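*Asks:* The structure follows.
The values are calculated or read from the model by the stated rules, or taken from the named source; none is laboratory data. Everything numeric here is computed off the predicted structure, so don't read it as measured data. All Cβ positions, glycine included, derive from the backbone under ideal geometry; neighbour counts span all protein chains shown. Accessible surface areas use protein heavy atoms only, side chains included; no ligands, DNA or RNA. Shrake-Rupley method; radii C 1.70, N 1.55, O 1.52, S 1.80 Å.
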Amino acid sequence: RKLGYAIVGLGGYGLGIIIPQFKNCQHSKLVALVSGDPAKAKRVAAEYGVPERSIYDYKNFDAIKDNPDIDIVYVCLPVSMHAEYTIRAAAAGKHVMCEKPMAVSSAECEAMIAACKKAGKKLMIGYRCHFEAHNLEAVRFARSGAIGKLRYFRSEHGFTAGNPNAWRLKKAMSGGGSLMDIGIYALNAARYMTGEEPIAVYAKETTDRNDPRFREVEDMIEFQLEFPSGVIGSCMSMYSANQNHILLVGDKGRIDMEPGTRYDGNKLWVGQDRSNQITPPPGPGLTQWAGQLDHLSLCILNNKEPIVAGEEGLRDIRIIEAVYRSAREQKRIALA
Ligand code: NAD
């Protein structure tokens, strides 16, 4: 059986990336759209065979509760809107897929988890790399002992931010700068590659506040993670250059990915250097997004918890809050 998704927010990701993926899914289909732009919604509905009665806007959104075609609401909105639409979706009796970063604060994440729990609905965060073949294979290598005892992790993630008026550069809408948007890939990878939770962070931020893009949010932030085994994680995110790299060093070799978390073209090497390039076996879905979308559908159908449930999003946001605090106060912050 295919469960029905309503996509909320027809922007770059919701419309450009997610909607075209339903053709690759086995257990998920597109059944409804939520948009503030009626003409766009009508055009997209016609293209993807969504009935006009299943087009909603942000005001009549709560009427989705009367639409039995909708099983899951996928929140593809600016970060500051994630909590509101997750909580309203749960109140309407729908399961929720919410994009990363989960919300602008850990308090909001906690409220989202509580709302879904109260409604008896599943909550999953759009961590697509957990369904991406190269990342899955890298994790298998890390756990297999292929590179020996893990010692050091490093990841740099960045892209060049453009329009200074974009919501990503407005603190109230984004919750923060490069760390929230793209550094979260480095942080999340540090956790899934090592299989450990950090016990402390230390961070340093460098931002040109005269650059009109960075009046409100950080450009570059570098943070160190201490793991219980003694592994040190070194992560960096920036909005002033393109970077996409994951490296895990063990005492017998290294796992290297560059790019590591892109939509396409990720590369993986395992060994002493980059001479041994690995072609991973297929992931769980035809694409990482099909794997992600179908995972939540299958969790609902089989009453299982998603591997990247709300609690996983909350863990990252708690660490991100500690990273910002460390950068602000210039001191090591121990994590609870
Ligand atoms: P976007 O700006 O392209 O789209 C945002 C959508 O929200 C637009 O359709 C916009 O009209 C709508 N919107 C509604 N109210 C708005 C308001 N008050 N202000 C601004 N926009 C409003 O952004 P995006 O790149 O699609 O990002 C959406 C979400 O998806 C974010 O949480 C982002 O982090 C996430 N994302 C995830 C990935 C991934 O690989 N998992 C990639 C890109 C974006």
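*Asks:* Counting each pair of different Cα atoms once, what's the Kirkwood radius of the chain in Å, rounded to one decimal? All intermediate terms of the calculation are to be shown ahead of the outcome.
*Replies:* Values: mean 1/r = 0.0488 Å⁻¹.
Answer for the chain: a Kirkwood hydrodynamic radius of 20.5 Å.
*Asks:* Which of 223, 163, 265 sits farthest toward the positive end of the charge dipole of the chain, with +1 on the Cβ of Lys and Arg and -1 on the Cβ of Asp and Glu?
*Replies:* Result: 265, furthest along the dipole toward the positive end.
*Asks:* Compute the FRET efficiency between residue 140 and residue 117 as 1/(1 + (r/R0)^6), taking r as their Cβ-Cβ distance and R0 = 41 Å, and round to the nearest 0.05.
*Replies:* Numbers: r = 32 Å, r/R0 = 0.78.
My answer for the efficiency is 0.80.
*Asks:* Might you tell me the accessible area per residue for the range 158-221, computed with a 1.4 Å probe and given in Å²?
*Replies:* That works out to 40 Å² for each residue.
*Asks:* I want to check the label-to-label distance for residue 242 and residue 263. Put each point 7 Å from Cα in the C-beta direction and report it in nm to one decimal.
*Replies:* Distance between the two pseudo-spin positions: 1.3 nm.
*Asks:* Which three lengths, in whole Å and largest first, does the range 174-226 cover when its Cα atoms are put on their principal axes?
*Replies:* Largest to smallest, the principal-axis extents are 39, 18, 14 Å.
*Asks:* Would you work out the charge dipole size for the range 142-214 about its Cα centre, treating the Cβ of every Lys and Arg as +1 and the Cβ of every Asp and Glu as -1, and quote it to the nearest 20 debye? Please list the in-between numbers first.
*Replies:* Values: 11 positive and 7 negative charges, 20 e Å.
Using Cβ point charges on Lys, Arg, Asp and Glu, the range 142-214 gives about 100 debye.
*Asks:* Let me know the shape class of the range 252-336, please: from the alpha-carbon gyration tensor, a ≥ b ≥ c as square roots of the eigenvalues, rounded when a/c is under 1.5, otherwise prolate if a/b is greater than b/c, or oblate.
*Replies:* It is oblate, given that a/c is not under 1.5 and a/b is not larger than b/c.
*Asks:* Report, by chain and number, residues whose modeled amide H sits under 5 Å from the one on residue 335, excluding near sequence neighbours (fewer than 5 apart, same chain).
*Replies:* Answer set, sorted by chain and number: 200, 201.
*Asks:* Less than 11 Å Cβ to Cβ from residue 61, Lys/Arg counted +1 and Asp/Glu -1: what total charge do the surrounding residues give? Write down the numbers at each step before the final one.
*Replies:* On the way: positive: 59, 65, 88, 94; negative: 57, 62, 84.
Net charge around residue 61: +1.
*Asks:* Percent of accessible area on the chain owned by carbon and sulfur, 1.4 Å probe?
*Replies:* The nonpolar share, carbon plus sulfur, comes to 52 percent.
*Asks:* Right, next: Take the alpha carbon gyration tensor of the range 34-87, find the square roots of its eigenvalues, order them as a ≥ b ≥ c, and report rounded if a/c is under 1.5; if not, report prolate when a/b exceeds b/c, else oblate.
*Replies:* Details: a/c = 1.90, a/b = 1.33, b/c = 1.42.
The shape class here is oblate.
*Asks:* If you don't mind, there's one more thing I want to ask. Per residue, how many Å² of accessible area does the range 252-336 show with a 1.4 Å probe?
*Replies:* With the other protein chains kept in place, the range 252-336 gives 51 Å² per residue.
*Asks:* Still on this structure, please answer the following. If a/c stays under 1.5 just call it rounded; otherwise compare a/b with b/c (prolate if a/b is bigger, oblate if not). Do that for the range 193-280, with a ≥ b ≥ c from the square roots of the Cα gyration tensor eigenvalues.
*Replies:* oblate
*Asks:* Using DSSP, restrict attention to beta bridges with both residues in the chain and report what percent are antiparallel, rounded to the nearest 5. List each step's numbers first, then the result.
*Replies:* Values: 34 of 60 bridges.
Antiparallel bridges: around 55 percent, rounded to the nearest 5.
*Asks:* How fast does the range 147-210 diffuse by Stokes-Einstein, in µm²/s, taking the Kirkwood radius from C-alpha pairs at 4 °C and 1.567 mPa s? Write out the running numbers ahead of the final one.
*Replies:* Values: Rh = 14.0 Å.
Value of D from the Cα-based Kirkwood radius: 93 µm²/s.
*Asks:* What is the magnitude of the charge dipole of the chain about its Cα centre, with +1 placed on the Cβ of each Lys and Arg, -1 on the Cβ of each Asp and Glu, and no other charges, expressed in debye to the nearest 20?
*Replies:* Roughly 400 debye, rounded to the nearest 20.
*Asks:* Go through 18-24, 139-145, 94-100 and give me the packing order, highest mean Cβ count within 10 Å leading.
*Replies:* Top of the packing list down: 94-100, 18-24, 139-145.
*Asks:* Rounded to the nearest 20 debye, what is the charge dipole size of the range 179-336 about its Cα centre when +1 sits on each Lys and Arg Cβ and -1 on each Asp and Glu Cβ?
*Replies:* Working: 17 positive and 23 negative charges, 33 e Å.
About 160 debye.
*Asks:* Evaluate the distance, in nm, between pseudo-label points positioned 7 Å from the Cα of residue 334 and of residue 59 along their respective Cα→Cβ axes.
*Replies:* 5.3 nm
*Asks:* Add -39500 (n - 2.57) for each DSSP H run of 4 or more in the chain, then divide by its residues: what number comes out at 222 nm, to the nearest 500 deg cm²/dmol?
*Replies:* Values: 8 runs with 96 residues, N = 336.
That comes out to -9000 deg cm²/dmol.
*Asks:* Distance check, please: which entries in 304/331; 94/204; 100/204; 23/149; 170/204 exceed 30 angstrom between their Cα atoms? Before the final figure, lay out each step's value.
*Replies:* On the way: 304/331 40 Å; 94/204 41 Å; 100/204 23 Å; 23/149 42 Å; 170/204 21 Å.
In this structure, 304/331; 94/204; 23/149 exceed 30 Å between Cα atoms.
*Asks:* Going 7 Å from the Cα of residue 199 in the Cα-to-Cβ direction, what parts of the range 117-152 have a backbone nitrogen less than 17 Å from that spot?
*Replies:* 150-152
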